Amino acid sequence: MAVAVRGRVRTRANALSALRLGAAAPLAWAVAAGHAQLAALLYALAVATDLLDGRVARRFREASAFGGLLDHGADALTVVCGLGALAWRGAVPALLPAVVALAFLQYALDSGALAGRRLRASALGRANGIAYFILLGLPLARDALGLAAPGAGIVRALAWTLVATTLVSSADRALAFARARRCAADAGAG
């Protein structure tokens, strides 16, 4: 049994996700320290591994509930650490990384991912997940390339928009979870 579990954990796709996971703290440090080119390079690595891990998992038939959780956990840690460093620098509101962390936690818990089930995404949650990466990348690319745009006001406005859409998505997810539990309880009673 341990060999079978090890075989599902040690996969090419999971190695890509683990690489992203391991790059999250160095990314945060590079952003916080103002090392624009290094931050942009680590961000590019995170995006590349995120784009590749799912394709690799499907190509080599390595997809698993654990791999999905690792992928989303690596995404969460990357954006929370990166946005946290941007918040520390004053580029985005400090509320954003906290709300993002709670949204990813809610996503994992109410999907039953810790029980080995595959994660369930909503359309708004999926769009927010992409938007977190985009928002993180905008000031990193701007600073690495020495550009003036997008300006600080635009980045902050986008960040506040993501705070709002994340809260809406989390509320929608909580309501859907409560409805599903109520329906299950009604079905069991009847």
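What follows is calculated from the coordinates using simple rules that are stated; it is not laboratory data. Here the structure is a predicted model, which is why all the values come from computation and not from measurement. So basically every Cβ, Gly included, is an ideal-geometry build from the backbone, and we count neighbours across all protein chains shown.
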Which of (1) 41, 41, 31; (2) 50, 46, 28; (3) 62, 39, 23 is the computed Cα extents along the principal axes in Å for the structure on display? (3)
Can you tell me the 0 to 90 degree angle between the C-alpha axis of helix 123-145 and the longest principal axis of the chain, rounded to 10? 20
Based on other C-beta atoms within 10 Å, arrange 60, 66, 104 from fewest to most. 60, 66, 104
What percent does the relative contact order of the chain come to when contacts are Cα pairs within less than 8 Å and at least six residues apart? 23
Using only Cα atoms and rounding to the nearest 10 degrees, what angle (0 to 90) does helix 152-189 make with the longest principal axis of the chain? 0
How far, in degrees from 0 to 90, does helix 36-59 lean away from the longest principal axis of the Cα atoms of the chain, to the nearest 10? 30
Between 17, 169, 122, which gets the highest mean-square fluctuation from a Gaussian network model of the chain, Cα cutoff 10 Å? 122
Region 82-97 - phi-based ³J(HN,Hα) in whole Hz, Karplus 6.51/-1.76/1.60, Gly and Pro as x: x, 5, x, 5, 5, 5, 4, 7, x, 7, 9, x, 4, 5, 4, x
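Given only helices, namely DSSP H runs of n ≥ 4 each adding -39500 (n - 2.57), what is the per-residue ellipticity at 222 nm of the chain, to the nearest 500 deg cm²/dmol? Don't jump to the answer; show the numbers that get you there.
On the way: 7 runs with 156 residues, N = 190.
Calculated from helices alone, the mean residue ellipticity at 222 nm is -28500 deg cm²/dmol.
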Say we join alpha carbon atoms closer than 10 Å with springs in a Gaussian network model of the chain; which of 25, 157, 76 then has the biggest fluctuation? 157
Cut-off 10 angstrom, C-alpha nodes, Gaussian network model of the chain. Which of 67, 82, 151 fluctuates the most? 151
Whole-Hz ³J(HN,Hα) for each residue in region 15-28, computed from phi via Karplus 6.51 cos²θ - 1.76 cosθ + 1.60 with θ = phi - 60°, x for glycine and proline: what do you get? 5, 5, 5, 5, 4, 5, 4, x, 8, 4, 5, x, 4, 4
Using only the Cα atoms of region 7-91, what semi-axes does the equivalent ellipsoid have when each is the square root of 5 times a gyration tensor eigenvalue? Give whole Å, largest first. 27, 11, 9
